[in-house]
Each structure stands twice: as C-alpha cells, then as structure tokens.
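To keep things clear, I will list the structure first and then write my remarks on it.
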Amino acid sequence: MATSHLDDQALARLRRALTDKRDALQRARAGNAEEERAGNDGEIEDGDMAERVIEQDGALRIAAFDAALLADVDRALAKLEAGTYGVIEDSGAPIPLARLEAVPWARRTAEEEERRTRR
C-alpha cells in the first residue's frame, strides 16, 4: 500500500482538522440524543404528532449522514496512524493537499469522486 506524500506539518494540520470534525460530530450526536429524550415528555395532539414525525424523519436523515461522515473521519484518522493517509484507496496515487484541506476525510481526488458519482 502507498504511503503518504504529505509533510509532517501538513499531516499535523489535517489531523487537527479531522479530530475537530470528529469531536463536533460526536457532540452533535450527543446533543441530538439528549434533545430526543427531552422531547418525549407529555401528551401530544394530532397536529403536533404529525409535525413531530416530519421533524424526526429529517433528524434521522441527518443522523444517518452524520454517522457516515463520522465513519469517514474515523477511517481517515486510522489511515493517518497507519501512514497511508492522503492517497487514493484504489490506486495509491496521491490526493492533492488542496483537496485534503477542503475535505480532510477525502478518499479520492475531486475528479475521481465526480466520476464515481456519475456512474
């Protein structure tokens, strides 16, 4: 497997960005869980129930997105530890620093990601 092409300073900056993102996602998940527990008190009228169902659906979608993003961030942090961060998983080619600064958990270049999305 290819090793990272990034210097120590860039790796430290990107590690910090990844850990900050992971921490923010974990805080959001904890806050959402607390909000959900607090929101289950008392009787609910029919109109309020419909509104709550719509809100819960949106919250579930966001939670699923956040869970997937957290998994990507954790994967990137594991790759940092393994010394394989910053390279495309399939080919081992380097991911440009600018791409990683924009999306530190990126697994591919922007062009490659776009091609995959179109397929």
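The values are calculated or read from the model by the stated rules, or taken from the named source; none is laboratory data. Predicted, not measured: the structure shown is a model, and the values here were computed from it. We place every Cβ from the backbone using ideal geometry, glycine too, and count neighbours over all the protein chains shown.
Quick look at the numbers
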quantity: Selection from region 1-54 of residues that are among the acidic types (Asp, Glu), at pLDDT below 70 and part of a helix (DSSP H, G or I); calculated: GLU34, GLU35, GLU36, ASP46
quantity: Every residue from region 109-119 that is not in a loop (DSSP other than H, G, I, E, B) and not polar (S, T, N, Q); calculated: ALA110, GLU111, GLU112, GLU113, GLU114, ARG115, ARG116, ARG118
quantity: Residue in region 97-117 that is modelled with pLDDT of 95 or more and in contact with a Pro (Cβ under 9 Å, 6 or more places away or on another chain) present; calculated: no
quantity: Yes/no for LEU80 being touching a residue at least 24 places away in the same chain (Cβ under 8 Å) and either on the phi < 0 side of the Ramachandran plot or of a type in the set (A, V, I, L, M, F, W, C) (or both); calculated: yes
quantity: Residue selected from region 65-90 under the condition of a type outside the set (Phe, Trp, Tyr), surrounded by 11 or more Cβ atoms within 10 Å (Cβ to Cβ) and not in a helix (DSSP H, G or I), by the criterion modelled with the lowest pLDDT; calculated: GLU89
quantity: Residue within region 91-108 that is surrounded by 15 or more Cβ atoms within 10 Å (Cβ to Cβ), among the hydroxyl-bearing types (Ser, Thr, Tyr) and either touching an Asp or Glu at 6+ places or on another chain (Cβ under 8 Å) or part of a loop (DSSP other than H, G, I, E, B) (or both) present; calculated: no
